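The values are calculated or read from the model by the stated rules, or taken from the named source; none is laboratory data. For clarity, every value in this text was computed on a predicted model and none was experimentally measured. FYI the Cβ positions are ideal-geometry reconstructions off the backbone, even for glycines, and counts take in every protein chain you see. Side chains are part of the model used for accessible areas, which takes the heavy atoms of the whole protein and leaves out ligands, DNA and RNA. Shrake-Rupley method; radii C 1.70, N 1.55, O 1.52, S 1.80 Å.
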Amino acid sequence: MKNNINRRSFLTRTGLATAGSLFVPNFLKAFDQQSTPLNSERKLIVIQWSGGNDGLNCIVPYKNNLYYEARPTIAIDSKKVLPLTDDLGLNPKLSFLRKLYDQGEISIVNNVGYPDPDRSHFRSMDIWQTASNADEFLSSGWLGRFVDAHAATNHYAIELDDTLSLALKGDTKSGFAMSNPRQLHQTTNNELIQAIQKHHHSHEHDEKVAYLYQTLSNTVSSADYIFEKSKTYKTKQNYPKGALGKQMKQVAELIIGGCDTQVYYVNFSGFDTHVNQTNKQDRLLEEYSNALEALVNDLKKNGFWDDTLIMNFSEFGRRVAENGSRGTDHGQANNVYLMSGKIKKAGFYNTAPDLVNLSKGDLKYEVDFRNIYATVLQDWLQTNDQSILGRPFDSLNGIL
Amino acid sequence: MNNQQKLQHLYWRAGFGLPYTALRKANTTTEQAIQQLFRTAKKIKAVPSPKYDVPSKAQFERLSPKAKQEKNKVLRQLVADLNSNWVLQMVSEDSNPLVEKMALFWHGHFACESKRVDFAVNQLNILRTQGLGKFRDLVVAIAKDAAMIMYLNNQQNRKNKPNENFARELLELFTIGRGHYTEQDVKEAARAFTGWFANRFTGEFEFKERQHDVGEKVFMGKTGYFDGEDIIDIILDQKQTAVYLVTKIYRYFVNPTLDANRVEELANLFYKSNYDIGKLMQFIFESEWFYASANVGAKIKSPVEFLVGFAKVLNMKFSKKESVLFTQRALGQVLFHPPNVAGWKGGENWIDNATLMLRMNMAAIAFERAELNIQFQDQPEQKTIKQFKKLEVTASIDQLQKLFRKEKYEVQALADFLLQNSIATDGTFIEELAQYTATADDKFKFYLLGIMSLPEYQMC
């Protein structure tokens with residue numbers, strides 16, 4: 001009897017593949033001997049806000065008249081601001097940050113940027129992701145170079161996405177792109193890929209394709225590992241709907257499930273608010289605050305919050321003055337948050353932005369973002385920051 | 001190496017794979033094929049260019065912010081259209097392989113992004129019409145090209161207020177390479193290019209005398225009242241420029257691993273020929289060492305090479321232009337959107353876990369999307385790859401099938417045609433997979449699917 005397979009079900013069992021079993025010889029599993037494993041059990045979660053978040057409406061100088069004069073229609077009403085200090089308060093949509101602040105679990109760094117800032121999204125994002133100077137073009141990312149130095153597995157740094165950002169591309173290795181462990185497992189576990197794996201071990205292949213077969217083996221074994229780990233812990237925590245909530249939930253389940261990944265990279269986009277900023281940004285900040293709250297509570301409940309650091313950044317801040325369409329245009333310096341159960345010096349690292357001395361209408365930078373990277377690399381991940389950043393940057397005193 | 005293998009190698013490096021129609025004429029010599037490629041390269045058909053009515057500055061300023069945003073969105077879409085038009089031209093049956101391959105190489109070399117589709121079209125035309133000409137003409141044309149002038153801020157390069165961006169990249173990336181010029185050279189070159197502007201409306205080159213620094217410059221040890229073209233001539237006088245360019249060409253067209261003696265030989269030739277690109281390419285393709293087994297199948301296909309070669313084999317038609325763009329994005333190379341001015345790094349950098357899985361699953365996905373169904377004997381329905389909904393394609397493998405249908409299908413012959421690194425298919429999973437299919441024609445589909453899913457298929 002013939003069985004007509006329609007397009008819905010194309011790859012069928014062939015009898016060849018024994019589901020789940022992998023044919024990865026050990027010599028290929030040894031990802032690389034040149035990397036030095038880190039002792040650190042600590043996790044790093046990087047959250048990238050794409051589009052250029054308006055930091056001035058997140059950490060609000062609610063007693064500064066210049067702020068209200070520059071933003072007649074989009075400034076956050078001082079009565080609604082959640083005050084943190086005498087001059088700075090939070091956008092009410094970021095209510096969870098208030099809790100972190102009260103518990104001493106967040107450090108806020110103001111006026112972060114770099115010399116000769118670039119106002120193009122793409123270029124400025126490249127600069128942040130590669131940790132380059134403004135006039136320098138690097139083809140590897142800062143976390144990619146961290147992977148180069150320390151990765152013991154192919155999934156040492158995971159980006160919760162289908163494609164890999166420059167930030168996680170190393171010079172010799174790469175991070176691992178994955179949006180869903182089950183889906184990933186399916187693409188590596190279909191009969192064809194399995195058969196090719198098997199084929200590989202029963203036949204000699206040309207030296208020139210060795211790199212591809214090795215990447216294949218690594219991918220399949222990582223996909224298998226991540227899939228197993230993703231089933232270990234199923235959270236009961238309530239995560240908000242939407243892509244970010246899903247990603248945060250995924251990260252929590254992997255961390256709590258004992259996955260040996262050290263870095264997680266999450267992208268959250270939509271911050272390019274040239275027109276009618278308030279509604280758009282409100283929605284994003286609320287989604288962020290809720291997802292963050294679920295994640296932190298989950299980690300805390302399971303005893304992982306002290307070993308996790310969350311870092312938040314955007315490629316640039318926005319112009320101090322609003323534009324003619326209730327929005328803001330691309331600007332320069334911005335704030336960065338570092339959050340963990342173990343922040344040594346919580347609260348504000350430095351003073352509020354100077355709204356008098358601007359650079360072409362933008363906030364001037366005071367802290368180079370690479371000083372923050374250096375802090376994260378040296379003080380949190382306990383590695384040699386200079387070899388990864390390519391030049392020396394002081395770490396921010398005593399935050400981590 | 002037999003003649004067919006040589007032809008396949010030539011066509012992978014000078015194009016996007018040997019057209020299967022050429023298999024019938026397998027006794028064509030490489031010399032004849034090279035002549036044919038260069039003859040065809042003289043007849044260049046323009047890439048269909050999306051129409052764009054450029055608003056004047058005043059008109060644009062009058063638009064509301066929302067209308068401006070709309071206008072920018074339309075523009076982005078037009079650049080995307082140009083992208084797919086170009087790729088579809090590479091795929092089409094009457095494509096001009098060598099011209100497109102050279103243009104693709106130069107597009108990576110003079111990496112540039114433009115928001116204006118009319119500027120992008122002009123630049124693409126330069127690369128396609130001058131990609132086999134004299135390098136001096138090419139680099140001068142690029143220096144006067146609106147897209148590049150905007151991209152590298154030469155529009156802001158004014159007398160007494162120089163912007164060094166273009167001058168620096170000219171030296172560092174386009175001609176002589178890092179370590180062969182000083183910071184002072186960059187400054188002096190920038191002065192020589194002051195006033196090299198482009199008309200924002202038409203894109204035409206405009207030399208603004210009032211913005212040009214006519215003063216004396218000292219550049220690479222020479223002193224004079226140099227302008228931009230003088231600077232280019234002085235750079236081309238340096239033998240190192242030939243070495244730099246030939247190194248890049250060798251890596252791209254011959255082998256990512258350099259052979260120092262060959263590079264030197266080629267650089268001498270290139271320099272003596274006054275940087276004649278066509279002569280250099282012809283010399284490479286005619287050389288016996290070009291066909292050495294170390295060079296064959298030594299390159300990881302770029303996403304565009306992969307996509308074009310793949311589409312040609314399956315005779316694929318894209319029902320939606322978005323499909324072309326979407327695939328590039330997923331594979332990590334979007335034309336007209338290089339990662340930065342240094343272009344795509346290429347080689348192993350194309351490959352990460354996600355892109356490799358996608359490449360290897362691409363044939364299965366395309367078969368499914370194009371409804372090239374296979375009938376199985378007594379097999380239960382099973383899981384499927386549910387992704388890539390955006391890929392809307394049709395495919396036809398009838399002609400290919402005819403070529404390989406003799407008494408029975410010859411799987412080894414098909415593998416030899418599709419792969420540049422040979423494998424023995426005898427008794428492998430490809431044959432085993434195929435045994436469950438119901439008909440001989442379906443067996444062929446499985447052979448094709450199996451071979452196109454191999455890591456070996458990623459190489460050229």
Near the amide H of residue A:269, under 5 Å away, which other amide H atoms are found, from residues 5 or more places off or on another chain, if H is placed in the peptide plane?
A:50
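Take peptide B:328-338, look around each residue's Cβ out to 10 angstrom, count Cβ atoms belonging to other protein chains, and average those counts.
Going residue by residue through B:328-338 and averaging, the value is 1.
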So what is the relative contact order of chain B, in percent, for Cα pairs below 8 Å that sit 6 or more residues apart?
16
Read phi for every residue in the stretch A:263-269 and hand back ³J(HN,Hα) as whole Hz from Karplus 6.51 cos²θ - 1.76 cosθ + 1.60, θ = phi - 60°, with x for Gly and Pro.
10, 10, 10, 10, 10, 10, 10
The protein assembly as shown - Debye-derived log10 I(q)/I(0), Cα point model, q = 0.05, 0.06 Å⁻¹:
-0.30, -0.44
How compact and how long is chain A, expressed as Rg and Dmax of its alpha-carbon atoms in Å?
22.9, 82
Per the 1.4 Å probe, what fraction of the accessible area of the protein assembly as shown, in percent, lies on carbon and sulfur atoms?
47
Give the lysines whose C-alpha is closer than 16 Å to that of residue B:443, dropping any in the same chain fewer than 8 places away, or say none.
A:2, B:402, B:406, B:408
Quickly work out the residue B:439-to-residue B:402 label distance, labels modelled 7 Å from Cα along the C-beta direction, and quote it in nm with one decimal.
1.7
Excluding residues fewer than 8 positions from residue A:345 in its own chain, the aspartates and glutamates with Cα under 15 Å of it are A:102, A:105, A:306, A:379
Peptides A:46-57, A:122-133, B:313-324 ordered by average Cβ neighbours within 10 Å, highest first
A:46-57, A:122-133, B:313-324
Simple SL model, points at 7 angstrom along Cα→Cβ for residue B:136 and residue B:329; separation in nm is 4.4
Just give the residues from the stretch A:131-147 buried by at least 30 square angstrom of accessible area in the all-chains context relative to the isolated chain, probe 1.4 Å, and say none if nothing qualifies.
A:137, A:139
To the nearest hundred square angstrom, how large is the accessible surface buried between A and B, total for both chains, probe 1.4 angstrom?
5600
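Grab the beta carbon distance between residue A:234 and residue A:180, set R0 = 22 Å, and tell me the FRET efficiency rounded to 0.05. Spell out each step's value before the answer.
Numbers: r = 14 Å, r/R0 = 0.66.
Efficiency, from the Cβ-Cβ distance: 0.95.
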Within 10 Å of each Cβ of A:183-189, how many other protein chain Cβ atoms are there on average?
4
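More than 22 Å apart: what percent of Cα pairs in the stretch A:265-400 qualify?
Everything past 22 Å amounts to 50 percent.
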Quantify how strongly other chains surround peptide B:421-432 by giving the mean number of their Cβ atoms within 10 Å of each of its Cβ atoms.
4
In this structure, the FRET efficiency calculated for residue B:279 and residue B:66 from their beta-carbon separation, with R0 = 56 Å, to the nearest 0.05, is 0.55
If one puts a single equal scatterer on every Cα of the stretch B:172-233 and applies the Debye formula without solvent, what log₁₀ I(q)/I(0) results at q = 0.24, 0.26, 0.30 Å⁻¹?
-1.01, -1.10, -1.26
Provide the descending list of Cα extents for chain B along its principal axes, expressed in whole angstroms.
82, 59, 38
With point charges of +1 on the Cβ of Lys and Arg and -1 on the Cβ of Asp and Glu, referenced to the Cα centre of chain B, which listed residue (B:282, B:157, B:252) lies farthest in the positive direction of the dipole?
B:157
On average, how much accessible surface per residue is there in the protein assembly as shown, in Å², for a 1.4 Å probe, leaving out ligands, DNA and RNA?
40
Please list 3J(HN,Hα) in residue order for the stretch A:210-218, calculated via the Karplus relation 6.51 cos²θ - 1.76 cosθ + 1.60 where θ = phi - 60°; whole Hz, with x for glycine and proline.
4, 4, 5, 5, 5, 4, 4, 4, 4
At what distance in nm do the modelled label points of residue A:386 and residue A:87 sit from each other, each positioned 7 Å from its Cα along Cα→Cβ?
3.5
What percent do you get for the relative contact order of the stretch A:171-244 when only Cα pairs under 8 Å and 6+ apart count?
42
Which shape class applies to the stretch B:303-458: rounded if a/c is under 1.5, otherwise prolate when a/b exceeds b/c and oblate if not, where a ≥ b ≥ c are the square roots of the Cα gyration tensor eigenvalues?
prolate
Normalised by the residues of chain A, what does the relative contact order come to in percent, with Cα pairs under 8 Å and at least six apart?
28
Quick one: Karplus J couplings for the stretch A:326-337, per residue in order, coefficients 6.51, -1.76, 1.60, θ = phi - 60°, nearest Hz, x for Gly and Pro?
6, x, 9, 9, 4, x, 10, 5, 8, 9, 10, 10
Rounded to the nearest 5, what is the percent of antiparallel bridges among the DSSP beta bridges in chain A?
40
Listed pairs B:208/B:320; B:73/B:187; A:231/B:390; B:134/B:345 exceeding 32 Å between Cα atoms
B:208/B:320; B:73/B:187
Cα principal axis extents for the stretch B:29-237, largest first, Å
58, 53, 25
For a test of the definition: using alpha carbon positions, the gyration tensor, and the 1.5 limit on a/c, classify the stretch A:147-266 as rounded, prolate or oblate.
prolate
Viscosity 0.890 mPa s, 25 °C: Kirkwood-radius Stokes-Einstein D of the stretch B:38-140 over Cα pairs, µm²/s:
163
Estimated [θ] at 222 nm from DSSP helical runs (n ≥ 4, -39500 (n - 2.57)) normalised by residues in chain A, nearest 500
-10000 deg cm²/dmol
